[in-house]
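Q: One structure follows; several queries about it will come next.
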Amino acid sequence: MDINILMQSDAVRIADLDSKPRVLEAVADIFQEAYALDREAVLEGLGEREALGSTGFGRGVAIPHCRIGQVHRPTAALIRLESPCEFGAADAVPVNLVFGLVSPENAGAAHLHALAAISRLSRAEVMLQALSDAEEPEALFALLTNQFLRDAA
């Protein structure tokens, strides 16, 4: 399967955030800092999507996502929270892993494939535990890079 998700090492963080709004702001900050995207456009897109229903995927994972015109392919960020945060997930489990995803406005299938790839990754118990246990952003990035490369092969 071809997974065409852009993820840079500086888009992976460990942070102490205590609310869903702060998490979404931090995700938008990462997209601005790592990819030079318009922070307000990202934050607005994430907020609009979140207003439709929580992107709390379950099992401690959230995938806030949106589509904007500033990217050419699905682009990702990851925050591992130092303490779980209430996110309104369907299973009511607080979130400790937040995968941000921004895709092009017209990326119908590509956006869905990227969401599916992140979803599959977070359903693998061994990977979920490794991501939750990682103590440095570099370790998180290495885990993701290895997973995405393996899935693309």
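Q: Can you give the accessible area of Ile5, probe radius 1.4 Å, in Å² rounded to 10?
A: 20
Q: Can you give the FRET efficiency for Asn106 and Val126, using 1/(1 + (r/R0)^6), R0 = 41 Å, r = Cβ-Cβ distance, to the nearest 0.05? The partial results should precede the final answer.
A: Details: r = 35 Å, r/R0 = 0.86.
So, using R0 = 41 Å, E works out to roughly 0.70.
Q: Would you calculate a helix-derived [θ] at 222 nm for the chain, using -39,500 (n - 2.57) for each DSSP H run of n ≥ 4 and dividing by the full residue count, to the nearest 500? Walk me through the numbers before you get to the answer.
A: On the way: 5 runs with 71 residues, N = 153.
Helix-only estimate at 222 nm: -15000 deg cm²/dmol.
Q: Can you tell me the equivalent ellipsoid semi-axes for the range 1-144? Use √(5λ) from the Cα gyration tensor, largest first, whole Å.
A: Values: eigenvalues 81, 56, 47 Å².
So the three semi-axes of the range 1-144 are 20, 17, 15 Å.
Q: On the accessible surface of the chain, probed at 1.4 Å, how many percent belong to carbon and sulfur atoms? Don't skip to the answer; put the middle values down first.
A: Values: 3790 of 7230 Å².
Of the solvent-accessible surface of the chain, carbon and sulfur hold 52 percent.
Q: Could you give the accessible area per residue of the chain, probe 1.4 Å, as a whole number in Å²? Don't jump to the answer; show the numbers that get you there.
A: Details: 7230 Å² over 153 residues.
Result: 47 Å² per residue.
Q: Under DSSP H, which helices of the chain have Cα atoms covering 18 Å or more of the helix axis and a Kyte-Doolittle average no less than -0.5? Write down the numbers at each step before the final one.
A: Working: long enough: 20-35 (22 Å, -0.02); 39-52 (20 Å, -0.33); 108-123 (23 Å, 0.47); 137-152 (22 Å, 0.34).
Span-like helices, by this rule, are 20-35, 39-52, 108-123, 137-152.
The values are calculated or read from the model by the stated rules, or taken from the named source; none is laboratory data. Predicted, not measured: the structure shown is a model, and the values here were computed from it. Ideal geometry is used to build each Cβ from the backbone, glycine not excepted, and the neighbour counts take in all protein chains shown. Just the protein is used for accessible areas: all its heavy atoms, side chains included, with ligands, DNA and RNA removed. Shrake-Rupley method; radii C 1.70, N 1.55, O 1.52, S 1.80 Å.
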